[in-house]
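The values are calculated or read from the model by the stated rules, or taken from the named source; none is laboratory data. The structure presented is a predicted model; accordingly, all values stated were derived computationally and were not measured. When we count neighbours, we look across all protein chains shown, and the Cβ atoms used for this are built from the backbone with ideal geometry, even at glycine.
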Amino acid sequence: MRPFLSVETMSVGYGTTTVLDKLDLGIHKGEFVALLGSSGCGKTTLLRTIAGFTKPYSGSIRVADRDVTQMPPDKRGMALVFQSYALWPHMTVAQNIGYGLKLQRQSRENIDARVNEMQNLLGLAGLGDRKPGQLSGGQRQRVALGRALAIDPEILLLDEPLSNLDARIRLTVRHEIRSLQKRLGITAIHVTHDREEAMVMADRIIIMNAGRIEQEGSPEDVYNKPASPFVAAFMGAENLLSMQARVHGEQVELMEGSFNPSIVTALAGRTLATGPIELRFRAEAARLARSEDKTVLQPGTLELRGQVTSVSYPGGHWRHAIRLGENEILVDADTPFNQGETVRVCIPAKSLFMFNLVEGLADARSD
């Protein structure tokens, strides 16, 4: 099925600096897509270019087979909710929501009816005469959303609209936006640097790095099957170890090291070659055990031996820093272990993310 919105070989930059280089992207009608990445990765530039506020060097943007690359923002059938909300402080809630309709020269009756509809839809009924300065952050965000939706856009663009809200309100509003998007069936593109926000809101996540798409897929796919060390780290697998691997057909052997015995596990679709690898895992994926505990490990479980250097309680679990020679890893547990205690760290095979180091790529897998 042809995408509703297509970005084709698009390059964008500022001055002599290229930010996006020959980027391709397709989004289907009614889909909620999150552009996820750290500051400077190009996600906001991509959103602003789709919206028409930034012009590409080359490439095209199409909506329903209509080329909108050179069209002004107000002719693209899109609406953008800014990070700062960009509400007019001298206007009332009703005037802000109806501003786009006024620019379209719609009748007063149509504007009033649409504004009332948006206020009721967004829980703003009775607030129409207030100014933005008299509203909470969550209410201002809803007004900005109402202004965007009032013009009935084909595509809703969201530029980190929740970043100015406190944590408690943010949780509520992101679920409200997602529910509203599903109810209206609108196509939405949401820029965020918050991994959890992208996971709970989007149908598909596009992870960006240095102006290119590093990986795209469902929240479950990018979380459980990261395609690169960058994606693995960005999706929470920040523990990093370097090891030697030997590939035998459909199995991979992690060689014995100073802090681990060797193990053999299934290749399980990983594109690995014999040689040095980068191994990553999440703090919550590992299990801590005392060195003297007798536990039966599942096949393919990696076991590390280290020493607890610090213990903290971030809430819901105890976080342990474990020293492995010159390396340190973080491991979560339901109960605290003692600082200085020697422990075993057990990571199941499915939680191990392995990638060849570039300089260690072999020409072919060994037999």
Identify all residues within the stretch 71-109 that are closer than 26 Å to F4 by Cα and either free of Cβ contacts under 8 Å to residues at least 12 places away in the same chain or in a helix (DSSP H, G or I) (or both); write none if there are none. P73, D74, K75, G100, L101
I'd like to verify a number: residues in the stretch 120-161 that are in contact with a Ser or Thr (Cβ under 9 Å, 6 or more places away or on another chain), surrounded by 15 or more Cβ atoms within 10 Å (Cβ to Cβ), charged (D, E, K, R) and without any contact (Cβ under 8 Å) to a residue 60 or more places away in the chain, how many? 2
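Condition first: of a type in the set (S, T, N, Q), modelled with pLDDT under 95 and surrounded by fewer than 16 Cβ atoms within 10 Å (Cβ to Cβ). Can you find one or more residues in the stretch 358-367 that meet it?
Checked the stretch 358-367: at least one residue is of a type in the set (S, T, N, Q), modelled with pLDDT under 95 and surrounded by fewer than 16 Cβ atoms within 10 Å (Cβ to Cβ).
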Which ones in the stretch 243-275 are of a type in the set (D, E) and under 17 Å from L357 (Cα atoms)? E253
Checking S60, S107, S84 in turn, the sole residue that is modelled with pLDDT under 90, among the polar types (S, T, N, Q) and in the same structural domain as R142 (by TED's automatic domain parsing) turns out to be S84
For the stretch 32-51, indicate whether the set of residues that are assigned by TED's automatic domain parsing to the domain that holds G211, in contact (Cβ under 8 Å) with a residue 60 or more places away in the chain, crowded, with 20+ Cβ neighbours inside 10 Å and in contact with a Pro (Cβ under 7 Å, 6 or more places away or on another chain) is non-empty. no
Contacts under 6 angstrom Cβ, first residue in the stretch 188-207 being at negative phi, partner of a type in the set (D, E, K, R) and in a loop (DSSP other than H, G, I, E, B), 6 or more apart: V191/E160; T192/E160; D203/E31
Could you please let me know if T295 is β-branched (V, I, T) and either more than 29 Å from the chain's Cα centre (by Cα) or not assigned by TED's automatic domain parsing to the domain that holds V345 (or both)? yes
Residues in the stretch 301-331 that are surrounded by 12 or more Cβ atoms within 10 Å (Cβ to Cβ) and either touching a residue at least 40 places away in the same chain (Cβ under 8 Å) or not in a strand (DSSP E or B) (or both): how many? 12
Would you please name the residue that is farthest from R246 (Cα to Cα), looking only at residues in the stretch 275-300 that are modelled with pLDDT of 95 or more and not in a strand (DSSP E or B)? E284
The residue from D129, D112 that alone is over 17 Å from S179 (Cα atoms) and part of a helix (DSSP H, G or I) is D112
Could you tell me which of the residues S228, S242 is within 18 Å of L302 (Cα to Cα) and either surrounded by fewer than 20 Cβ atoms within 10 Å (Cβ to Cβ) or not assigned by TED's automatic domain parsing to the domain that holds T45 (or both)? S242
Exception for V311 within (1) touching an Asp or Glu at 6+ places or on another chain (Cβ under 9 Å); (2) modelled with pLDDT of 95 or more falls at (1)
Complete set of residues in the stretch 253-274 that are under 21 Å from L297 (Cβ atoms) and over 30 Å from the mean Cα position of the chain (by Cα): E253, L254, M255, E256, G257, S258, F259, N260, P261, S262, I263, V264
If I go through the stretch 179-211 residue by residue, how many of them are outside any helix (DSSP H, G or I) and either surrounded by 16 or more Cβ atoms within 10 Å (Cβ to Cβ) or touching a helix residue (DSSP H, G or I) at 6+ places or on another chain (Cβ under 6 Å) (or both)? 18
Within the stretch 162-178, residues being surrounded by fewer than 14 Cβ atoms within 10 Å (Cβ to Cβ) and closer than 14 Å to G30 by Cβ number 0
Closer than 30 Å to L121 by Cβ and either part of a helix (DSSP H, G or I) or among the charged types (D, E, K, R) (or both), is that true of E214? no
